[in-house]
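Have a look at the structure below, then the notes.
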Amino acid sequence: MADKAEFYVPAEHVSDLSWLQPKIRTRSELERTIGTNQLTAVIGIDGSLMVVPVRDGLPSVRYGYAQAAAIWLDVNLMETQRNERFVDPVVLHEAVNSALVSLDMPVAGAYLRAGITIQQSWRECIDALFRGKKIEVNRLNQSLLQLLMLLHGAPGAPATTVPVDCPEALCKQKAIPVPESGCDCPGCGKVLWPTDTLRIYEEVVEDGENAAALGRLMQVVELLVLVGLSTLLWEQSRSALFATTLFIVDGPMAVYGPPAKLRARALTYFQKMTPAAPGAGPFICGVEKHGAAVDYATALARHEALKPGELLIVDSEVIAKMTNATNSIAYGSETYWGRKFLYRALDGRVVVITVMPAAGAPYDDHGGQHDPSAYPSLPAILDVIDRTGSSMYRDGLIPVALAHSKAAYPIGIGTDVLRLVAKHKLGLEDLNEGGQA
């Protein structure tokens, strides 16, 4: 039925592409106009989540798992194997290090305690998880809550409070300054926690799996992992490791849903690193593996409108064609803290990246900044993309593939194991062969 249905797909209508030519830049042209740094390391960050049923007799009870992984890849060490007849697995192992932070909580049909709503249960769970879960890498040993306070402040100077809207429906108090320890709402007396600033509870419902809300939580954790690791290098090795490391986030540099206000926080936070960072740093990009932009870029490459080594500037006109939008001027202004570019690598791979401008917003109500000159880190990022191609999936990148392999939950037996763990945590193990609990 879908094959016979008539609908419009932008990626299927790319016939006359002469209008794109003025928007295309070559990699060598960018290096001449902006300059480039040779980056020697990559930190890749990816997240994964899974919601599992606990047992057959309780179909509404769901338990959620989410985790974010970070890998560090020595690009120079990896490249020593490029021309070898047989790859040395020891060398590749030494080129990669990884770290993982994982969360788990009841997400539907089960509550933290009796007498509370599912939204209240989520609020209490998130507060406890953010206080207890830490990112521990070398000299970095900070909880997710500490990193959330840091994101609301500046590099090296965490905020003392975060703004929270009271979650009580009848209370109208907004932007209440809540310290790390929490406080009572001045209007209704309800206990407020700093994690309430994320407003994830707004997407939680009584009837449903709440996988979308868990996805919002995971994207926040990914951002906080990026904050922690980048700040560590910025503080400890600003002129060496920080200046030669690219941070790659799997997916666009964007924050969706209720936590979307973190977009502005992230943009401000990382841009504050720029004046003190040598070269064109910080070097941060997002890489999209699927979506409308990826489909459109693939179609352009198929029609040879985008050739190896060429970058397409995604201005408002391209956005309108790519997304079929009528208001492309304001695209991304509420969610993105990086700007999209479509790049075809030297080996033919098609990569959709988002890159942070050195100053100002990538998108705004007037179209934002689309010219590559606003993105001085761009040439160095493209260089890494060309050097770290992967055949593990179509148009793949080795750092993203490695981070995904560390973060992904296994299917099949892995799901069964998570289900058993959820039963144990909820106290729902069968007490006898008859299945009574």
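The values are calculated or read from the model by the stated rules, or taken from the named source; none is laboratory data. Since the model is a prediction, treat every value here as computed from it, not as a measurement. Note: ideal-geometry Cβ built from the backbone for every residue, glycine included; neighbour counts use all protein chains shown. Heavy atoms of the whole protein, side chains included, go into the accessibility calculation; ligands, DNA and RNA do not. Shrake-Rupley method; radii C 1.70, N 1.55, O 1.52, S 1.80 Å.
Observations
- Residue-normalised accessible area of the range 194-292, expressed per residue, 1.4 Å probe, Å²: 33
- Normalised by the number of residues in the range 116-202, the mean separation of alpha-carbon contacts (under 8 Å, six or more apart) gives a relative contact order of 24 percent.
- Subtracting the Cα-Cα distance of Thr326 and Arg394 from their residue separation scaled by 0.36 nm leaves 21.4 nm.
- Restricted to Cα atoms, the range 275-384 shows a radius of gyration and a Dmax of 13.7, 43 angstrom.
- For Lys190, residues with placed amide H under 5 Å, excluding near neighbours: Cys185
- Percentage of interatomic Cα-Cα distances in the range 338-408 larger than 19 Å: 42
- Volume per residue of the C-alpha convex hull in the range 142-260, rounded to whole Å³: 111
- Rounded to 0.05, the FRET efficiency of the Lys172 and His366 pair, given R0 = 30 Å and the Cβ-Cβ distance, is 0.40.
- In this rough spin-label picture, where each label sits 7 Å from Cα along the Cβ direction, the Ser181-Ile116 distance is 2.0 nm.
- Heavy-atom accessible area, probed at 1.4 angstrom with all protein chains present, ranks Phe7, Phe341 as Phe7, Phe341, highest first.
- Ratio Rg/Rh [Cα only; Rh per Kirkwood] for the range 186-326: 1.05
- For Ile176, distant residues with modelled amide H under 5 Å away: Val164, Asp165, Cys166
- Note on surface exposure: Ser181, Ser333 rank Ser181, Ser333 by accessible area, highest first, 1.4 Å probe.
- Heavy-atom accessible area ranking, 1.4 Å probe, most first, across Glu203, Glu317, Glu12, Glu310: Glu12, Glu317, Glu203, Glu310
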